[in-house]
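The values are calculated or read from the model by the stated rules, or taken from the named source; none is laboratory data. In this text, all values refer to a predicted model and were calculated from it rather than measured experimentally. Every residue, glycine as well, gets a Cβ built from its backbone with ideal geometry; the counts of neighbours run over all protein chains shown. All accessible areas refer to the heavy atoms of the entire protein, side chains included, with ligands and DNA or RNA removed. Shrake-Rupley method; radii C 1.70, N 1.55, O 1.52, S 1.80 Å.
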Amino acid sequence: MSLLINDECIACDACREECPTVAIEEGDPIYVIDPDRCTECVGDYDEPACIAVCPVDCFVLDKDNVETIAELKFKYAQIQKEER
Ligand code: SF4
Ligand code: SF4
């Protein structure tokens, strides 16, 4: 499942560079996550790197983008291929 950033975001930029799949972008007024690129950090870390650095705890699960671990791993593999 992709993550979503809710409107508590203070646009501090702490999360963007931590995302291993470059899924987070600066938005106006809050940052946004591309659901096609968020793997919940499956393949890179045990836990979402963005959640670990966010000072206001504004990440929530995106219920419109529910995926299994197998699907997240597939997405991760596709993103790796793109980057080659
Ligand atoms: Fe990026 Fe991982 Fe956060 Fe998804 S959970 S936005 S892949 S840092
Ligand atoms: Fe927004 Fe949290 Fe990312 Fe900062 S770390 S830009 S508050 S989502």
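Against the chain, whose longest principal axis comes from its Cα atoms, helix 69-82 is set at around 90 degrees.
Per residue of the chain, the DSSP helices (runs of n ≥ 4 H) give a summed -39500 (n - 2.57) that works out to -6500 deg cm²/dmol at 222 nm.
A Förster radius of 22 Å, combined with the Cβ-Cβ distance separating Cys12 from Asp34, puts the computed FRET efficiency at roughly 0.70.
If you take the Cα atoms of the chain, find Rg, then find the Kirkwood Rh from the mean of 1/r over all pairs, what is Rg/Rh? Please report the intermediate quantities before stating the final value.
Details: Rg = 12.1 Å, Rh = 12.8 Å.
Using Cα coordinates only, the ratio equals 0.95.
The candidates Thr68, Thr21, arranged from most to least accessible area with a 1.4 Å probe in the full protein assembly, appear as Thr68, Thr21. For region 1-59, the dipole from Cβ point charges (+1 on Lys and Arg, -1 on Asp and Glu) about the Cα centre works out to 40 debye, to the nearest 20.
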